[in-house]
Amino acid sequence: MKPSQMIWFQLLGRKESALDCFVIVNKGRFSSICLNEEILRRGLGKTVRIEGLAHESQIYWKLHKRLLQAEMKAVKKRKGIWKEETFIKKLKEHISNYKLIQKLKQFATWLRIRL
């Protein structure tokens, strides 16, 4: 983002000191990006209920669907929090948690101290 870019907050609801908003950044004269969707698309968050709108309203479901679609793109591409560990990482973790390996490490440390 550039300091000159205009940011819009579309108020969806309010509860005490918290505001539920869509955050929109102007990218140019005729285009803009919804940061809420972009965060989900990059796998940096999860979709939650939009508390500021009536859940039976058509606009609620339209917006919720957009957010879920953005989240699903991240899930399919395994981005951000949806990134899965590689087989090698899982194997290393499994081996390091193995009791025999832990005992051998303790023995090696003990032996190193004694020598």
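Work out the charge dipole of the stretch 11-71 with +1 on the Cβ of Lys and Arg and -1 on the Cβ of Asp and Glu about the Cα centre, then indicate which of 32, 48, 22 is farthest towards its positive end.
Checking the options against the dipole of the stretch 11-71, the answer is 32.
Once the Cβ-Cβ distance between residue 56 and residue 18 is put in as r, and R0 is 22 Å, what FRET efficiency do you end up with, to the nearest 0.05?
The computed FRET efficiency comes out at 0.50.
Given the Cα-Cα distance of residue 88 and residue 108 and 0.36 nm per residue of separation, how much length would full extension add, in nm?
Once the chain is fully extended between residue 88 and residue 108, it gains 4.8 nm.
Take the alpha-carbon centre of the stretch 6-24, take the same for the stretch 37-86, and report the distance between them in whole Å.
17
Quick one: which residues, 5+ away or cross-chain, put their amide H under 5 Å from the amide H of residue 45? H built at 1.01 Å from N.
81
FYI, it's all coordinate maths here, none of it is from the lab. If you're wondering where the values come from, they're calculated on a predicted model, not measured in any experiment. Ideal geometry is used to build each Cβ from the backbone, glycine not excepted, and the neighbour counts take in all protein chains shown.
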